[in-house]
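Take a look at the structure below.
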């Protein structure tokens, strides 16, 4: 820089920022030890804010518009400088331009699956990702809390922190919503509003405004999704018997059209097909209903239980003895008509001849020879 350029640039009379980048949030006007000329022109474009700092202290903040700098439109700086009266000499101040436009399509997502408890599936692992948008809504707070005195501050410098907020608070909001996993896809808008309300206060602490939070996808682990696919397939198939018959018919048709098998292949295919249909039809055939009774046919009755009796011999209980053994005892004379017997259901001990089952056994014994 020559002597003439140095003299020409000693005083600054135009202050502006032509924003030609898409990711710069804050930009410091390059003063390079030069002083700002009183009555200099300040141009603040739409979606910009100009912040004047005096010795590290925020002074005046200018919104969009064109200004002629003097003590009247810089009241705070005039007070800090001690300009009690009109002042026309050059002065030094740091000027920061803050971009207030929306920074859209900022990606967020879970690095690792998040464990949640679902009412239907129990503990599950979820992944989620989406996008969000933000902008600066308090230039002074953003400069003090985030950017500091950096000459340039980009979206990447703060994006990691914002993504962490989005993931941590977002997944917490999803868990608190108690929405079943299978219903999350139909409630993305509702969940997005819940997440927005939960984290916007933390954005405001940084001088930022969360303008949009979108959930693009919430997914389960691949093995769980495969199990759900099988479950869905079975629901679509419906009647397994009819589906098996349909599959068998397709196999029979394919065998009949096999050029290598010819008519024999078609016959074998038809036989196998009908055999499969009959077998699968028997397996999956619904339970037959008796139209007259209006209910399913009852199962066969249980097998009869062999009847047995206790026998009193010399005042001592013996047995129980089944009917064939009792018949042998009658033939041997161990059991007579007067013998006392008892079986389940009798109120007490009675003579053997009083019981129909035993009386029939006595009738088969021939009388003694006279």
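Please treat every number below as a calculation from the coordinates, not as lab data. These numbers were taken from a predicted model, which means no experiment stands behind them. Counting neighbours? That spans all protein chains shown, and the Cβs are built from the backbone with ideal geometry, glycine included.
Quick check on residue 20: is it crowded, with 18+ Cβ neighbours inside 10 Å and either without any contact (Cβ under 8 Å) to a residue 40 or more places away in the chain or over 30 Å from residue 166 (Cα atoms) (or both)?
No: the conditions fail for residue 20.
Of the conditions (1) within 22 Å of residue 231 (Cβ to Cβ); (2) crowded, with 19+ Cβ neighbours inside 10 Å, residue 123 satisfies every one except a single condition; which number is it?
In the conditions (1) within 22 Å of residue 231 (Cβ to Cβ); (2) crowded, with 19+ Cβ neighbours inside 10 Å, residue 123 misses (2) alone.
Restricting attention to the stretch 173-187, which residues are surrounded by fewer than 16 Cβ atoms within 10 Å (Cβ to Cβ) and part of a helix (DSSP H, G or I)?
175, 176, 177, 182, 183, 185, 186
Search the stretch 53-96 for residues being in a strand (DSSP E or B) and over 57 Å from the mean Cα position of the chain (by Cα), and hand back the single one that is farthest from residue 32 (Cα to Cα).
68
Can you tell me which residue within the stretch 97-119, out of those that are more than 17 Å from residue 158 (Cα to Cα) and assigned to a loop (DSSP other than H, G, I, E, B), is farthest from the chain's Cα centre (by Cα)?
111
Go through the stretch 130-152 and count every residue that is assigned to a strand (DSSP E or B) and either out of contact with any strand residue (DSSP E or B) (no Cβ under 6 Å at 6 or more places or on another chain) or crowded, with 16+ Cβ neighbours inside 10 Å (or both).
6
Can you pull out every residue in the stretch 208-224 that is under 25 Å from residue 99 (Cα atoms) and either crowded, with 20+ Cβ neighbours inside 10 Å or without any contact (Cβ under 8 Å) to a residue 12 or more places away in the chain (or both)?
Hits for the stretch 208-224 are 208, 210, 213.
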